[in-house]
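Below: the structure, in structure tokens.
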Amino acid sequence: MATSDEIKSLGQYMLSVSKDEGMEGLDAVIEAIARGSVRVQKTVESAALGRWLGSTGKTNVHGEDVQTLDEIGSRVFEEELLVSGRIRALGSEEVETAIEQAGSSRGNFVVMMDPIDGSSNIDVAISIGSIFGIWRHSGKYDEDVLQPGNQLVAASYTIYGSSTVMVVATKNHVSSFTLDPGNDTFWLTNRDLKLPTDGAYYSVNEGYFNRWSRNMQDAVTTLRDSLSLRYVGSLVADFHRNLLKGGVFLYPSDDRSPSGKLRLMYEANPLSFIIEQAGGSSSTGKTRMMDVIPDSLHQRTPMIIGNSDLVDGIVSVLNC
Ligand code: P6P
């Protein structure tokens, strides 16, 4: 890989990494995500002015209210990714079935995305994000779209916060890039990110405490003794803080959501790939997240993700 003082932009970085990791074309996929992120950032920052806030009045495949920005984000990333010529199949939280690229435009990557995560926070100007899992084209359509996390070759998210930051994880690297809105370019700001050894925060919606199993209540009560609670209610924002500062994020199953709320394919798996590349762990509470064999595109999963010692401690309490 080119030396760090030669690599400054996301484009230069990905060109080098794609070559080093034998992932020809991966740079084009990440660049498509970057272009889409620039477009979404412009929409997010002026949402109120452009009247892009609020609901479309439609419900998605999960029966959830579709925010205007959800729809815009899904369309923007779909356009950028499909025009890249590198995508064999594309799945989105906002679309019931995955889109398969036919004919000559077939690429050799499969992308699963949550185009706008945390949309309930859009109207109150709290950070939101976009999440992407990237697999190689494996063979038949069904095999392509339902690959386990342990087959991921890359993952990325963008957080639209006080600055717009893309985190990109590949087989050997996790790095972050900050958008310069002046020239719409993402510049390398953190190279080879690693989780801090000591976690600082635990992140969970304690408002659901009474819905959890007794073991989960005990596990979270223990966290209170040593960690501070931070919960934005926007997965990418909570995850990004813990990636940089150390900590653990939990979205457990509960008596109303027995499988949890978060989606395996385009939320849990991509973030699990990133956290493992940064030296952490991710579990369903029973098994390593990325070993889960998917049954369906939109299936949900409980998630415990962050510093390995914290994740392992919680899992041991859950299974004692
Ligand atoms: P709750 C946002 O709607 C989201 O999907 C994630 O971004 C976030 O972590 C979670 O839901 C918050 O859910 O039930 O705590 O409001």
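Here are some notes:
Residues are listed down the side, and each one gets a yes or a no for (1) closer than 17 Å to PRO270 by Cα; (2) over 15 Å from the mean Cα position of the chain (by Cα); (3) within 13 Å of the ligand (Cβ to nearest atom); (4) in contact (Cβ under 8 Å) with a residue 60 or more places away in the chain:
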position: THR59; (1), (2), (3), (4): no, yes, no, no
position: THR68; (1), (2), (3), (4): no, yes, no, no
position: ASP117; (1), (2), (3), (4): yes, no, yes, yes
position: GLY139; (1), (2), (3), (4): no, yes, no, no
position: MET166; (1), (2), (3), (4): yes, no, no, yes
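- Residues that are within 16 Å of the ligand (Cβ to nearest atom), farther than 28 Å from SER130 by Cβ and among the β-branched types (Val, Ile, Thr) within the range 212-259 comprise just one, VAL220.
To keep it simple, each residue is scored yes or no on (1) under 23 Å from VAL165 (Cα atoms); (2) of a type in the set (Phe, Trp, Tyr).
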| residue | (1), (2) |
| --- | --- |
| ASN183 | yes, no |
| ASN190 | yes, no |
| TYR201 | yes, yes |
| TYR208 | no, yes |
| MET216 | no, no |
| LEU227 | no, no |
| LEU235 | yes, no |
| PHE239 | yes, yes |
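- Looking across ASN242, ASN210, one residue alone is more than 17 Å from ILE305 (Cβ to Cβ) and polar (S, T, N, Q). It is ASN210.
Okay, residues lined up against (1) among the polar types (S, T, N, Q); (2) closer than 30 Å to THR222 by Cα:
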{"position": "ALA154", "(1), (2)": "no, no"}
{"position": "THR158", "(1), (2)": "yes, no"}
{"position": "THR164", "(1), (2)": "yes, no"}
{"position": "ASN172", "(1), (2)": "yes, no"}
{"position": "SER175", "(1), (2)": "yes, no"}
{"position": "TRP187", "(1), (2)": "no, no"}
{"position": "ASN190", "(1), (2)": "yes, no"}
{"position": "LYS194", "(1), (2)": "no, yes"}
{"position": "ALA200", "(1), (2)": "no, yes"}
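- Residue within the range 225-233 that is surrounded by fewer than 15 Cβ atoms within 10 Å (Cβ to Cβ), outside the structural domain of LYS19 (by TED's automatic domain parsing) and of a type in the set (S, T, N, Q) present: yes
- Residues of the range 262-296 satisfying the condition of being under 16 Å from MET113 (Cα atoms) and within 16 Å of the ligand (Cβ to nearest atom): LEU262, ARG263, LEU264, MET265, TYR266, GLU267, ALA268, ASN269, PRO270, LEU271, SER272, ILE274
- Qualifying residue in the range 86-99 (condition: surrounded by 20 or more Cβ atoms within 10 Å (Cβ to Cβ), more than 21 Å from GLN147 (Cα to Cα) and modelled with pLDDT under 90): no
- Take the conditions (1) over 23 Å from TYR13 (Cα atoms); (2) surrounded by 14 or more Cβ atoms within 10 Å (Cβ to Cβ); THR221 misses just one of them, which is (2).
The values are calculated or read from the model by the stated rules, or taken from the named source; none is laboratory data. On a predicted model such as this, the values are computed, not experimentally measured, just so you know. All Cβ positions, even for glycine, are placed from backbone atoms using ideal geometry, and neighbour counts span all protein chains on display.
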